[in-house]
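*Asks:* First, the structure itself, so that you have it in front of you.
Bear in mind that the values in this text are calculations on the coordinates, not laboratory data. Bear in mind the structure is a predicted one, so any value in this text is a computation, not a measurement. A quick note on method: Cβ atoms are made from the backbone with ideal geometry, for glycine too, and the neighbour counts reach across all protein chains shown.
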Protein chains: 2
Amino acid sequence: MKDLSRIRRAGLEQKVMTADEAALLFSHQMVVGASGFTKAGDSKEVLKALARRAKNETLQVTLITGASLGHDTDARLAEANALYKRMPFQVDRVLREKINKGNILFTDQHLSETAELIHGYLPYIDLAVIEAAYIEEDGSIVPTTSVGNSVSFAATAKKVIIEINTAVPCEIYGLHDIFLQENYPHRNFIPIISAEVRVGRKSIALDPEKIAAIVFTHQTDSPADIAPPDAKTTAIAAHLINFFENEVKTGRLTDRLLPLQAGIGKVANAVLAGLEKGNFYDLSMYSEVLQDSTFDLIDSGKLRFASASSITVSESCYKRIFDNLDTYREKIVLRPQNISNAPGLIRRLGIIAINTAIEFDIYGNVNSTHIAGTHIMNGIGGSGDFARNAYLSIFVTQAASKEDKISHLLPMVSHVDHNEHDVDVLVTDFGLADLRGLAPRERALLIINNCAHPDYKQELLSYFERACELRQGQTPHILEEAFSWHTRLRETGTMKRI
Amino acid sequence: MKDLSRIRRAGLEQKVMTADEAALLFSHQMVVGASGFTKAGDSKEVLKALARRAKNETLQVTLITGASLGHDTDARLAEANALYKRMPFQVDRVLREKINKGNILFTDQHLSETAELIHGYLPYIDLAVIEAAYIEEDGSIVPTTSVGNSVSFAATAKKVIIEINTAVPCEIYGLHDIFLQENYPHRNFIPIISAEVRVGRKSIALDPEKIAAIVFTHQTDSPADIAPPDAKTTAIAAHLINFFENEVKTGRLTDRLLPLQAGIGKVANAVLAGLEKGNFYDLSMYSEVLQDSTFDLIDSGKLRFASASSITVSESCYKRIFDNLDTYREKIVLRPQNISNAPGLIRRLGIIAINTAIEFDIYGNVNSTHIAGTHIMNGIGGSGDFARNAYLSIFVTQAASKEDKISHLLPMVSHVDHNEHDVDVLVTDFGLADLRGLAPRERALLIINNCAHPDYKQELLSYFERACELRQGQTPHILEEAFSWHTRLRETGTMKRI
Ligand SMILES: CC(C)(COP(=O)(O)OP(=O)(O)OC[C@H]1O[C@@H](n2cnc3c(N)ncnc32)[C@H](O)[C@@H]1OP(=O)(O)O)[C@@H](O)C(=O)NCCC(=O)NCCS
Ligand SMILES: CC(C)(COP(=O)(O)OP(=O)(O)OC[C@H]1O[C@@H](n2cnc3c(N)ncnc32)[C@H](O)[C@@H]1OP(=O)(O)O)[C@@H](O)C(=O)NCCC(=O)NCCS
């Protein structure tokens, strides 16, 4: 496990220590940056050792990552009371509960923006923890299955702990495109005009003097738990594939489509699986996360190239990638998240963005983050970077859930992450609404008619009609009634009138 | 007035006709594109002639512009029943009323996105009406005081009517930077790395075959009505200038600041005026609209360069610009609105964006468009392009209005245009809240304490505390009560408890 050949910079082997020793480097109120994006390339040892330490003493840090961590690390840190503030994203059940109780602060950010704050506003990162495959002769580090914010952490942190993961083959070298944007006002353009363009180096620059500890691990990433397609996700995917085929027919898209971004989860997987059939070819992805379906599409010859910030896949796919790195190195690239999610690249490439909504409303506003307007689920993630700037911004969700007691289409969303200006297409298992160029009153009729669960359709229409009559406006609403469905659910356990 | 020397393309003089003759080219259900951005460079004759014609026959069009029109044109068109749908922006009282009654459809769009839809999705423009200073030998046209969407209209419209405005001197040539983005998937980067970089040509390409009519006019733009600074705008500007000075002290900004974007209106004017004092120098603007204050700052030597899509100024400033075109041509540039508002340029340049809110809430969500959640005021304009992608996104508003019966800070905004992820700094006449890096519960306390009108502070605090206790969550709210202030205003004429 302690494979010293992975420390190619002379002198650094002295920095090797155990995770518990490294954890002594943390102190109360530090700002910590950690690698990890959607469970990929995260610290496997040191953050857990920090949690152990924090159980027995007052030790709370602000923890900034790429995105979510794996291996219950966020849960352990939360339980040990080790977190004062967490940013910019999380998906952990235990952590979420503490955030919603107000015990841990959570700064929920557009994933492209965290690096801006690290370079321009946040207090300096005191200590960074970065997983690496190995350390190069020049002290630079080769990351593993994600890049996330690690480039910015390495550039700005006062001290860095490297976790060398020997479960990741050194042949991962070349999978990354490491590009550090110039600080303002000296920033130049990012010359990426297609998903496969590489503009940077293969390892992350790091001043070896800043390396305070090197810890070895041999643990793979937490596998993605991918629910198999079910009737609903299959229906959503079918509506979407049908829409794409129609766009091709009208000449607005070609069979090559445009670069795809797909949010995590089973719907995205189902849509990508749907692209295997049909005439689509020479596809590309410019996304945040690569899932199993990405690799299936590559293997089937449909997907030319995929760019993202992380690889989050099942155990078997993980193995398949590592066994075939020579092939995949020509087909995928991992970038810093401020590049994978750069607003200008999303607009320039003309991305087709597919993300999931928790709920949406009759005018096409989308809530991606909050249950009942108050309780955070995960966070906005990259959905805001993509939805605002994409060529086509698509949101998908089931029309109803929990034995249809909850309608995901509402008079008004209880929290707005994406407003009607940002949402081009809505899809549920019942149908698809193409909202481009439409005014709110047109949107309402189309959304209700195409996307509502039948049990809720009449009442939605009635709300819309009464709002038009009673209050009028560009966006008719009866404010006293707008959240009544949420209230009914809380009081009676269902959104249905009894 | 009919100055034929302004038609430098041989043969085109045959196309000269009156506005009423040109108006015969419109037909029912056409899609019409028209120049004009914030009252600048709009059609002075033909659209009014269209309104006259529509009074007497069924003639309704979809009208797409750059942004708002001057000279009551939108009012006349609305009154004549000539509009089926309007996009992407308007500011007209009469039109607004018809939109809010549901008689005219209004598609309210991010100003950078309309060109994307014109090239990629909307039905072709049947007829465009574009104001020009003159027509070049090659048939290309030199625009006047705005560029807006005219480049896209000229490229895609089936037929074009040119309005030559002889009130605009031909010496305006060289003020514009005309750049047409490649269609997907062939789009390249826009090599602008500073406000003053020019990347295009000086006139708008146009196939002379498409010119269906040429109409002469000699009317200047509607002047901007600039309210003089008052106690509130002066207070807001002072808080903001103080904030900038502090950013310079901490080293996060230099005295050159970063390129400024400023929304229209008196607050923006007051802030820019404030920059004349103090140590700021070598400033630049990368904005949508240039107002009087821009030219004052240029003349005082503080502002190095200003880029925008239009010039909307008072009558005297208009004259001053035309009298000194040789000077200003080196100091300002007008671009297409998908370039002035390009997401990638806003991020790349590190814009400081200052826009106005109608209302905002305790978590920092902003409503820029809807009164009481239903009635549109103007539209989102470019505020969404800038707020999402800027380095610093600032929103300003008075804390209360209408003899303080209306609080502009609320438990929950009645409509969300900019969510908490997009809003870095909030300023009212009572103070400023710097929200960067803060979680919602932290934001709430800071916003209420720094920005609330004193008459409303206690009740806002009470709402927040009760929401934390009663409902908890990342973003505590009591949904049944969230809009109660709006309801109270509607029912009692004031948001104050009586
Ligand atoms: C939005 C998001 C949470 C959806 O996740 P998902 O698991 O695919 O969505 P589902 O519809 O299956 O689940 C939503 C849950 O909320 C519940 N829910 C929805 N509306 C509700 C309401 N009003 N009250 C209570 N519960 C509600 C559903 O019942 C469902 O519960 P379950 O998980 O117990 O079944 C997830 O995609 C996300 O975090 N997105 C934000 C980040 C992002 O988009 N990143 C983009 C790139 S990675
Ligand atoms: C938001 C916007 C309408 C603010 O305009 P403004 O005139 O500077 O703002 P004010 O605060 O003076 O006016 C807001 C009005 O709404 C009223 N108002 C605010 N909240 C209200 C409420 N809840 N109920 C009723 N009226 C309300 C105010 O009383 C005020 O009325 P008045 O005009 O009769 O005085 C304007 O900036 C805009 O259209 N912005 C969107 C476009 C944009 O931002 N573009 C950016 C680049 S140009």
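*Asks:* Where the only charges are on Cβ atoms (+1 Lys, Arg; -1 Asp, Glu), what is the dipole of chain B about its Cα centre, to the nearest 20 debye?
*Replies:* With only Lys, Arg, Asp and Glu charged at Cβ, the dipole is about 380 debye.
*Asks:* Using a label point 7 Å beyond Cα on the Cα-Cβ vector, give me the inter-copy distances for A:Asn56 in nanometres, one decimal, shortest first.
*Replies:* Listed shortest first, these distances are 9.5 nm.
*Asks:* Moving to a separate point now. By count of other Cβ within 10 Å, fewest leading, how are B:Lys210, B:Lys319, A:Lys39 ordered?
*Replies:* By the 10 Å Cβ count, ascending: B:Lys319, B:Lys210, A:Lys39.
*Asks:* Over the alpha carbons of the protein assembly as shown, what is the largest minus smallest coordinate on each principal axis, giving the biggest first in Å?
*Replies:* 86, 63, 62
*Asks:* Could you calculate the FRET efficiency of B:Ser5 with B:Lys202 from 1/(1 + (r/R0)^6), where r is the beta carbon distance between them and R0 is 25 Å, rounded to 0.05?
*Replies:* 0.85
*Asks:* Relative to 2.2 N^0.38 Å, what does the C-alpha radius of gyration of segment B:34-114 come to as a ratio? Two decimals please.
*Replies:* So the Cα radius of gyration is 0.98 times the expected 2.2 N^0.38 Å.
*Asks:* Restricting attention to the alpha-carbon atoms of segment B:231-492, what are Rg (one decimal) and Dmax (integer), both in Å?
*Replies:* Computed over the Cα atoms of segment B:231-492, radius of gyration and Dmax are 18.9, 65 Å.
*Asks:* I would also like to ask the following. Quick one: dipole size for segment B:231-492, taken about the Cα centre, charges +1 on Lys/Arg Cβ and -1 on Asp/Glu Cβ, in debye to the nearest 20.
*Replies:* It works out to roughly 460 debye.
*Asks:* Express in whole angstrom the spacing between the alpha-carbon centres of segment A:19-61 and segment B:83-128.
*Replies:* Centre-to-centre distance over Cα atoms comes out at 53 Å.
*Asks:* Also, I was wondering about something else. Along the Cα→Cβ direction, 7 angstrom out, place labels at B:Ser194 and A:Asp255. What is the inter-label distance in nm?
*Replies:* For B:Ser194 paired with A:Asp255, the spin-label model returns 4.9 nm.
*Asks:* Near the axis that takes chain A to chain B, which A residue has its beta carbon closest, and at how many Å?
*Replies:* Whole-Å result, nearest residue of chain A to the axis: A:Gly344, 1.
*Asks:* A further question follows. From the P(r) of segment B:1-71, can you give the percent of Cα pairs sitting at distances over 16 Å?
*Replies:* 57
*Asks:* Could I ask something else about it? Sort out for me the Cα centre separation of segment B:349-375 from segment A:269-290, rounded to whole Å.
*Replies:* Here the answer is 37 Å between Cα centres.
*Asks:* Please name whichever of B:Ser203, B:Leu4, B:Ala19 sits farthest to the positive end of the charge dipole of segment B:4-217, dipole taken about the Cα centre and charges placed at Cβ: Lys and Arg +1, Asp and Glu -1.
*Replies:* Most positive-ward Cα: B:Ala19.
*Asks:* Once the principal axes of the Cα atoms of chain B are found, what is the range along each, listed largest first in whole angstroms?
*Replies:* Here the spans come out as 76, 52, 45 Å, largest first.
*Asks:* Quick one: Cα centre-to-centre distance for segment A:449-465 and segment B:168-184, in angstrom?
*Replies:* Between the Cα centres of segment A:449-465 and segment B:168-184 lies a distance of 48 Å.
*Asks:* Now a separate question. Hey, what does the equivalent ellipsoid look like for segment A:171-247, semi-axes from the Cα gyration tensor as sqrt of 5 times each eigenvalue, largest first, whole Å?
*Replies:* Output for segment A:171-247: semi-axes of 38, 25, 12 Å.
*Asks:* Moving on to the next point. Which of the listed residues, A:Asn389, A:Tyr184, A:Ser150, is farthest toward the dipole's positive end in chain A, when Lys, Arg count +1 and Asp, Glu count -1 at the beta-carbon?
*Replies:* A:Tyr184
*Asks:* Let's see if you can work this out: charge +1 on each Lys and Arg Cβ, -1 on each Asp and Glu Cβ, no other charges. What is the dipole magnitude of the protein assembly as shown about its Cα centre, in debye to the nearest 20?
*Replies:* Once rounded to the nearest 20, the dipole reads 240 debye.
*Asks:* For the charge dipole of the protein assembly as shown, defined by +1 on Lys and Arg C-beta atoms and -1 on Asp and Glu C-beta atoms about the Cα centroid, which residue among A:Ser368, B:Ser340, A:Phe295 has the Cα displaced farthest towards the positive pole?
*Replies:* Working it through, the farthest residue towards the positive pole turns out to be A:Ser368.
*Asks:* Along Cα-to-Cβ, 7 Å out, sits the label point; list in nm, shortest first, how far the one on B:Glu403 is from those in the other copies.
*Replies:* 5.6
*Asks:* Placing the label point 7 Å from Cα along the Cα-to-Cβ direction, what are the distances from A:Asn449 to the equivalent spots in the other copies, shortest first, in nm to one decimal?
*Replies:* 5.3
*Asks:* Rounded to the nearest 500, what is the protein assembly as shown's calculated 222 nm mean residue ellipticity when only DSSP H runs of at least 4 contribute -39500 (n - 2.57) each, over all residues?
*Replies:* -8500 deg cm²/dmol
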